[in-house]
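Rule-based calculations on the coordinates, nothing more; no lab input. Given the structure is predicted, the values throughout are model-derived calculations rather than measurements. Using ideal geometry, Cβ is built from the backbone for each residue, glycine included, and neighbour counts are taken over all protein chains shown.
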Amino acid sequence: MSKPAPLRPVKGMQSMYGEEADRFAYVVETFERVRRLYGFKRVEMPVLEQTAVFARTMGETSDVVGKEMWSLESRSEGSLTLRPEFTAGIARAFLSEGWQQHAPMKVATHGPAFRYERPQKGRYRQFNQLDAEVIGSDDPLADVELLAFGSQLLAELGITGVTLKLNTLGDSESREAWRAALVEHFSAHRDELSEDSQERLEKNPLRILDSKDPRDRPFADDAPTMRLTPQAEDFFDAVKAGLDASGIAYTLDPHLVRGLDYYRHTAFEFVTDQLGAQGTVIAGGRYDGLIEALGGPHTPAVGWAAGIERLSMLVDSDAADALDIAILPMGDAAKAKSLDLAQTLRRGGRSVELLTTGKMGKRMGRADQAGARFALIVGDDELQKGRAQLKHLKSGEQSEIDFADLVKATS
């Protein structure tokens, strides 16, 4: 009887183990810690939403809705879609689950999202996002606080070489006037634009500004800039002043846009120089018209998202190591005592691995490979004395420590 063919992962899906999984977990743990510092409440969102949630908010003609969504027909619910991002679902919950009573609200979450696209460096068909939103506030300081959250997250992850790119999309009046000026400008060069930009000219002319096609760049670089209304200018000035007061550096980028009509005012990206063309690690903006697109009242909001895989590629491998102590018992009695010591150390906040088999030299090598800070050696002599041999693996220093003092000695 022949063996069945080996099962392979679905294209664009991934499994993680070891250092890769540790890096991923470190990003999530850091995000959870920093979002608490900024008072963002944790929310949990369903993976499945009605397809209309994304069709209404992302646009029927957008690439995501037209080409990239994973959708299915439910027996009782009609067309459902695996979320391609978080914001639309959070906006839906704000309307349908009574969250308006908590506005203004600051929320954050993380988890998988799904897009049917060509897998690329740091991006999969099932990928994972961090997400932070401020809903119900039209104060420019909400934008500043959200940007400060993102800046501190990157700093605490140890990610360097990052530039915050900042732009304004104006209010409704200035945005509509700009859109009309762009249509007039690009229409005069329609035949010289790329095929994608010719299509965008009809649907979403703002997207031509960030085209990477060399045929488009001369016309995009020469495009008219937005003329802000006094109100929109005041809003953007307040955001910039808030960033200056917070000590957060930024670079103005007039070509940074968001194509959908519900975006207003602040648009931003944190971009690293360490990932080549795929350098954006956090992106977001103010979307004051989105909740209206779902049938709700006018509700100002601002948010950002970040790819966990992309961030984890930039995390130092040492930062993701969490092992404090490897215990190396010698003999059955020492094994029993080591179980007790391990629990005491864990209750004291130390991460512990028991290495119970193999020769001492090999076990010491495994402790070093695991990134342990200390090796704790327990044998018959140590049991008799009530003291363990504690070796600092980086410096090589070794000393005898009372069992009762191990938590303090490994701080």
Would you mind putting 340-348, 264-272 in packing order, based on average other-beta-carbon counts within 10 Å, highest first?
264-272, 340-348
Going by how many other Cβ atoms sit within 10 Å of their own, how do MET45, MET313, MET16 line up, fewest first?
MET16, MET45, MET313
Within the chain: Cβ-based charge dipole about Cα centre, in debye rounded to nearest 20 (Lys, Arg +1; Asp, Glu -1):
1740 debye
What shape does segment 323-409 have by the C-alpha gyration tensor, where a ≥ b ≥ c are the square roots of the eigenvalues, rounded means a/c under 1.5, and otherwise prolate means a/b greater than b/c and oblate the rest?
rounded
Please list, in order along segment 308-314, the HN-Hα scalar couplings obtained from phi with the Karplus expression 6.51 cos²θ - 1.76 cosθ + 1.60 (θ = phi - 60°), rounded to whole Hz, x for Gly and Pro.
5, 4, 5, 5, 5, 5, 9
Under 22 Å from the Cα of LYS106, which lysines turn up, not counting those fewer than eight places away in the same chain?
LYS41, LYS240
CD proxy, 222 nm, the chain: helix-only mean residue ellipticity via -39,500 (n - 2.57) per DSSP H run with n ≥ 4, per residue, nearest 500, stands at -10500 deg cm²/dmol
Inter-label distance for ASP210 and ALA241, nm, one decimal - labels placed 7 Å from Cα along Cα-to-Cβ:
2.8 nm
Grab the beta carbon distance between SER194 and LYS11, set R0 = 25 Å, and tell me the FRET efficiency rounded to 0.05.
0.35
Considering only DSSP beta bridges whose two residues both sit in segment 273-367, what percent are antiparallel, to the nearest 5?
60 percent
Please report the antiparallel percentage of the DSSP beta bridges confined to the chain, to the nearest 5.
80 percent
At a Förster distance of 41 Å, what's the computed FRET efficiency of GLU156 paired with SER2, Cβ-Cβ distance as r, to 0.05?
0.15
Give me a comma-separated list of calculated 3J(HN,Hα) values for segment 370-375, in order, Karplus coefficients 6.51, -1.76, 1.60 applied at θ = phi - 60°, integers in Hz, x for any Gly or Pro.
6, x, 5, 6, 10, 10
Rounded to 10°, Cα long-axis angle of helix 172-187 versus longest principal axis of the chain:
70 degrees
Using a/c under 1.5 as the rounded threshold, could you call segment 1-120 rounded, prolate or oblate? The axes a ≥ b ≥ c are square roots of the C-alpha gyration tensor eigenvalues, and prolate needs a/b larger than b/c, oblate otherwise.
oblate
Could you tell me whether segment 138-185 comes out rounded, prolate or oblate from its Cα gyration tensor? Rule is a ≥ b ≥ c as square roots of the eigenvalues, rounded for a/c under 1.5, then prolate if a/b exceeds b/c, otherwise oblate.
oblate
With a 10 Å radius around each residue's Cβ, average the other Cβ atoms per peptide and rank 131-142, 327-338, highest first.
131-142, 327-338
For labels at ARG346 and GLN231 in the simple 7 Å Cα→Cβ model, what's the distance in nm?
5.9 nm
³J(HN,Hα), Karplus 6.51/-1.76/1.60, whole Hz, each residue of segment 387-397, x for Gly, Pro:
9, 10, 7, 10, 10, 7, 6, 6, 8, x, 5
Rounded to the nearest 20 debye, dipole of segment 323-409 from Cβ charges on Lys, Arg, Asp, Glu
300 debye
Using a Förster distance of 41 angstrom, determine the FRET efficiency expected from the C-beta separation of GLU353 and ARG42, and round it to 0.05.
0.85
Would you please give the residues with an amide H less than 5 Å from that of HIS255, counting only those at least 5 places away or on a separate chain, with H modeled from the backbone geometry?
none
